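Student: Structure below; questions to follow.
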Amino acid sequence: MREVRRVYGTGDLAALPVFAGGFINFGYWEGIPLDGDLTAEQRVASQRALYDLVAAALSIGPGDRVLEVGSGHGVGARHLLGHRPLLVRGVDVVPEQVERAARADDDPRLAFVRGSADDLPFPDSSFDAVLSVEAAQHFEDVAGFARESARVLAPAGRLAVTTFFTASDDAGAALAEALPTFASGLDRAHRVDHVVRDLRRAGFADVAARSIGEHVWRGLDRWLELGPRPDAWDRGWARLAERGLVDYYLVTARKPAGSGA
């Protein structure tokens, strides 16, 4: 976690040109034209769209108690308020991120706390929906996150995780060779089938992993191509995805209605 705290705490990843609007995700680019120039507004729209995709998968609506794990600046959690939940809580392991999010917290339905994905600071059955947007690649203990998510979800609660995962054990070495974020340990090469396995072992039902990379990689790469550093290392994401070494997924699951905490 030292590298996570350095990058997100001492630094401010949201300020990098690859991101915009305080979000920190690659974006969901479906419906955004990619054959011309791209504006900062379109980049922000792609990041909002990723949250909307997750919100739709969770059917977030009036009365729902929602938790985001890895909430960063809180921009995504704040965006979820547009779906009219009863409340939204954000949890992040980096104290500076929690402070940044709390400074902009001007809605009584919204609050942010410090905590780790595998030790969530909430009582059993506190939420109807748990989500994590482009944060699980940093988790040291995905199985622990799965168990904790099951614990804090009420019976029939829903879970959605979206980020990049790998399909094989040998992908990690290739990713570390090509991408500094893997080489430094900031990103971890979690296998998507292992994520599915961990969720099932934690008691979740209807666990499914769907690739959404076709609406992520091309848009991200086009944004980077048009940016201030078109020859930078991060152009490697799309090439590695084409080789099948990494892909972007939406993973969903449901806590059985008859289960306890």
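Student: Would you grab the residues whose amide H sits under 5 Å from the one on F112? Only those 5+ places off in sequence or on another chain, please, with H modelled 1.01 Å from N.
Tutor: G90
Student: For E30 and R191, compute 0.36 nm times the residue count separating them, minus their Cα-Cα distance, and round to one decimal in nm.
Tutor: Contour length minus Cα-Cα distance gives 55.5 nm.
Student: Out of residues 5 or more away from V130 or on other chains, whose amide H comes under 5 Å of its own, with H placed 1.01 Å from N in the peptide plane?
Tutor: When sequence neighbours closer than 5 places are left aside, the close amide H contacts are L67, R158, L159, A160.
Student: In addition: Kirkwood hydrodynamic radius for the chain: how many Å is it when counted over pairs of different Cα atoms?
Tutor: On the way: mean 1/r = 0.0543 Å⁻¹.
18.4 Å is the Kirkwood radius here.
Student: Say the dipole of region 10-71 comes from +1 at the beta carbon of Lys and Arg and -1 at that of Asp and Glu; which of S71, Q47, A20 then lies farthest toward its positive end?
Tutor: It is S71.
Student: Also, I was wondering about something else. Any chance you could look up the accessible area of Y51 with a 1.4 Å probe, heavy atoms only, rounded to 10 Å²?
Tutor: So the heavy atoms of Y51 present about 10 Å² to solvent.
Student: Which FRET efficiency value, to the nearest 0.05, do you get for S168 and A111 by plugging their Cβ-Cβ distance into 1/(1 + (r/R0)^6) with R0 = 30 Å?
Tutor: Working: r = 40 Å, r/R0 = 1.32.
That pair, S168 with A111, gives E of 0.15.
Student: Ordered by residue, what ³J(HN,Hα) values in Hz, to whole numbers, does region 159-175 give under the Karplus form 6.51 cos²θ - 1.76 cosθ + 1.60, where θ = phi - 60° and Gly and Pro are x?
Tutor: Here the 3J(HN,Hα) series is 10, 9, 10, 10, 5, 9, 10, 9, 10, 8, 5, 6, 5, x, 5, 5, 5 Hz.
Student: Any idea of the accessible area per residue across the chain, 1.4 Å probe, to the nearest Å²?
Tutor: On a per-residue basis, the chain sits at 43 Å².
Student: Helix-only estimate, please: 222 nm mean residue ellipticity of the chain, summing -39500 (n - 2.57) across DSSP H runs of length 4 or more and dividing by its residues, to the nearest 500. Intermediate values should be presented prior to the final figure.
Tutor: Working: 10 runs with 87 residues, N = 261.
Helix contribution divided over all residues of the chain: -9500 deg cm²/dmol.
Student: Each residue of region 4-14 in order: what ³J(HN,Hα) in whole Hz does its phi give by Karplus 6.51 cos²θ - 1.76 cosθ + 1.60, θ = phi - 60°, with x for Gly and Pro?
Tutor: 4, 5, 5, 6, 8, x, 4, x, 9, 4, 5
Student: Only Cα pairs within less than 10 Å get springs; with that Gaussian network setup on the chain, which residue of W29, W233, W217 has the largest fluctuation?
Tutor: Fluctuation is largest for W233.
Student: A further question follows. Read phi for every residue in region 239-250 and hand back ³J(HN,Hα) as whole Hz from Karplus 6.51 cos²θ - 1.76 cosθ + 1.60, θ = phi - 60°, with x for Gly and Pro.
Tutor: 5, 5, 5, 4, 7, x, 7, 8, 8, 9, 10, 10
The values are calculated or read from the model by the stated rules, or taken from the named source; none is laboratory data. This structure is a prediction, so every number in the text was calculated from the model and none was measured. Neighbour counts run over all protein chains shown; Cβ positions are idealised from the backbone, glycine included. Keep in mind that these areas ignore ligands, DNA and RNA; they rest on the heavy atoms of the full protein, side chains included. Shrake-Rupley method; radii C 1.70, N 1.55, O 1.52, S 1.80 Å.
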